[in-house]
Amino acid sequence: MSKPCDLQINIDGQHFLLKEKIISKYCGRVKKILNHQKRRCHEKDLRIRISDFPGGPDGFELVSRFCYNKGKIPITVANVSLLHCCAIYLGMTEEVFSNNLFQQTENFLEGIYCWKWNDILVSLMSCQLFYAYADCYGLLEKIIYALLAKIAQSSDTNQLTSSSSASSSSSSPESNSAKRFSSSTKTTPEKIKSTLPSKAWWFDDLATLPPKIIEKLFQTIGAYKAGNNNLILTRFLLHYLKIATQTKVVTSRNSNEYAVLAETAAYGVVVVGKKTFSCRGLFWVLRIVTGFGLSRDCRTELEKLIGGMLDQATLDDLLVSGHDMGVYYDVNLVIRLVRLFVDVNGTDGVSSHKLKRVGRLIDKYLREISPDQNLKISKFLGVAECLPDSARDCYDGVYKAIDIYLESHPIITFEERSRLCRCLNYRKLSFEASKDLAKNPRIPPRIAMQALISQQSQISTSDFVLETQRKKSSQIVLYNEAKKDNFSEEKKDMRLNLERLQWRVVELEKLPKEMKGQGSKLFSHNVLFNHEHARASPRFC
């Protein structure tokens, strides 16, 4: 009759009833704890509580099977990482028992450079549940080296050009040359990093790994955060972050891990810069990485890169979402980028064509954001005024954006309307835009009058155009009669608009005085206001 179990081990709240003699035969740490307990007290029932055991109860169950099976257990790529960590944690070494669990897992791991690609991925993925122990014991680094060696091997032999998780088993790099990457070969991070291919066959496979392991991979290879200067690794990270965004796997628990990867990708983009990424590509990168959070320094460096080539951007590039800031588009980003563009390119003649190209782009952007009900006037003006006056040959685009804003925000005050129009340069408005502005009931009368006065001063000097050539002093070119008639009509139309606006301004200034007089009259005589005899307010044209 076998003896009853005399040892109780609690693993993360789950109890295991075992025989002390069997467990102590293989587990040096358990044996040491039990000997210590026996010296302190003479209780027959021995109890051990272990918290945060590698792999939890499942890991300890594998260990107990090994002990009860006389030191034998099937070791596979799926369980070798867990068994290895458990063996180290419990001290299952040769000093305790010959050919103990640690030695068996070590022997199995020695052939890791000859494993299949999928086997390495499976073993690496299994470390997620006991990441801290796998990292502390050096196991993660060992598996990652084997993984990188496979990638570097594929670069040398050119065996693959594409792969996916579904087809990786049939296209994974496997050949006898893998023996070159055995543990006896000195494969350094620098050597692996220099031989990484510019191919993406492994992107989808590695995208299945958790962010902690990806972070460890980049730390191992020396391409972490600001140290990342490898294009293919940067492209992989962007691919990884894109998938994370689409699958919505980011939570409050792992958001910091993804943020570190996003920063590493951003630094990689900054290093390669304009040589590899177009302006549109940089905006795509910005959309990807900002969703995970970036440090201020990292974001500034990326924005400098984009701002320097803003003249190559399109309207779609600028339409970056700003929902987290309460507006439809991220207006602050565009203001920063334009200011960076001006700082980098300056306003000299050499860069004037770039400046005007950005000016036309910003005018389109203003018309696009104007209908946003949450867009404040200060932000509108911030976008409109972030460029110097020399960036625009014509301010018609700005006027159209103002008109759209006023139409979309009908309740803003008279003072706010006047403030909004301060970004206009009336001398750079076309004649048609000035006429439309004068007739626009949403524009304050004084603003409209200023615009028309500016236009009148320009037209008055253009009634007749004389062009005298120096070589032939007798040759004079005059505009024809139709042209003169056209100017006369424009001058007449302009004067009529000015007279109408002057009347509107005078009437508006008189209105408060009349209302005050009417009010005092009503109070003094104690009579009701009669609408039929009251003077009507001037009607806006």
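List every residue pair whose Cβ atoms sit under 7 Å apart, with the two residues 6 or more apart in sequence or on different chains, where the first one lies in the range 260-280 and is among the basic types (K, R) and the second, anywhere, is crowded, with 18+ Cβ neighbours inside 10 Å and modelled with pLDDT of 95 or more.
Listed by first residue and then by second, the contacts come to R280/D317.
All but one of (1) open to solvent by 30 Å² or more (accessible area, probe 1.4 Å); (2) under 22 Å from I143 (Cα atoms) hold for G59; which doesn't?
Condition not satisfied by G59: (1).
Are any residues in the range 23-37 open to solvent by 50 Å² or more (accessible area, probe 1.4 Å) and in contact (Cβ under 8 Å) with a residue 12 or more places away in the chain, and if so, which ones?
K25, R29, K31, K32, I33
Would you please name the residue that is most open to solvent (accessible area, probe 1.4 Å), looking only at residues in the range 210-251 that are assigned to a loop (DSSP other than H, G, I, E, B) and of a type in the set (G, A, S)?
Once the filter is applied, the top-ranked residue is G222.
Take the range 386-413 and flag every residue that is farther than 25 Å from V358 by Cβ and open to solvent by 60 Å² or more (accessible area, probe 1.4 Å).
Selection gives E407, P410, I411, T413.
Being among the β-branched types (V, I, T) and under 24 Å from A146 (Cα atoms) is the filter here; which residues of the range 213-259 pass it?
I213, I214, T220, I221, I232, T234, listed by residue number.
Can you confirm whether the range 322-331 contains a residue that is touching a Gly at 6+ places or on another chain (Cβ under 7 Å), of a type in the set (A, V, I, L, M, F, W, C) and either surrounded by 16 or more Cβ atoms within 10 Å (Cβ to Cβ) or under 13 Å from R287 (Cα atoms) (or both)?
Among the residues of the range 322-331, at least one is touching a Gly at 6+ places or on another chain (Cβ under 7 Å), of a type in the set (A, V, I, L, M, F, W, C) and either surrounded by 16 or more Cβ atoms within 10 Å (Cβ to Cβ) or under 13 Å from R287 (Cα atoms) (or both), which makes the answer yes.
Look through L387, L361, L375 and report the one residue that is outside any loop (DSSP other than H, G, I, E, B) and either among the hydrophobic types (A, V, I, L, M, F, W, C) or at pLDDT 95 or above (or both).
After ruling out the rest, the residue left standing is L361.
Quickly run through the range 287-304 and pick out the residues that are over 19 Å from L233 (Cβ atoms) and part of a helix (DSSP H, G or I).
Residues satisfying the conditions are R287, T290, R296, D297, R299, T300, E303, K304.
Taking the options K364, K376, name whichever one is within 25 Å of the chain's Cα centre (by Cα), open to solvent by 40 Å² or more (accessible area, probe 1.4 Å) and under 23 Å from Y426 (Cβ atoms).
The unique qualifying residue is K364.
Give the number of residues within the range 89-108 that are in a helix (DSSP H, G or I) and surrounded by fewer than 21 Cβ atoms within 10 Å (Cβ to Cβ).
Qualifying residue count for the region: 5.
The values are calculated or read from the model by the stated rules, or taken from the named source; none is laboratory data. Since this is a predicted model, take the numbers as computed values, not measurements. Ideal geometry is used to build each Cβ from the backbone, glycine not excepted, and the neighbour counts take in all protein chains shown. These area figures cover heavy atoms from the full protein model, side chains too; ligands, DNA and RNA do not enter into them. Shrake-Rupley method; radii C 1.70, N 1.55, O 1.52, S 1.80 Å.
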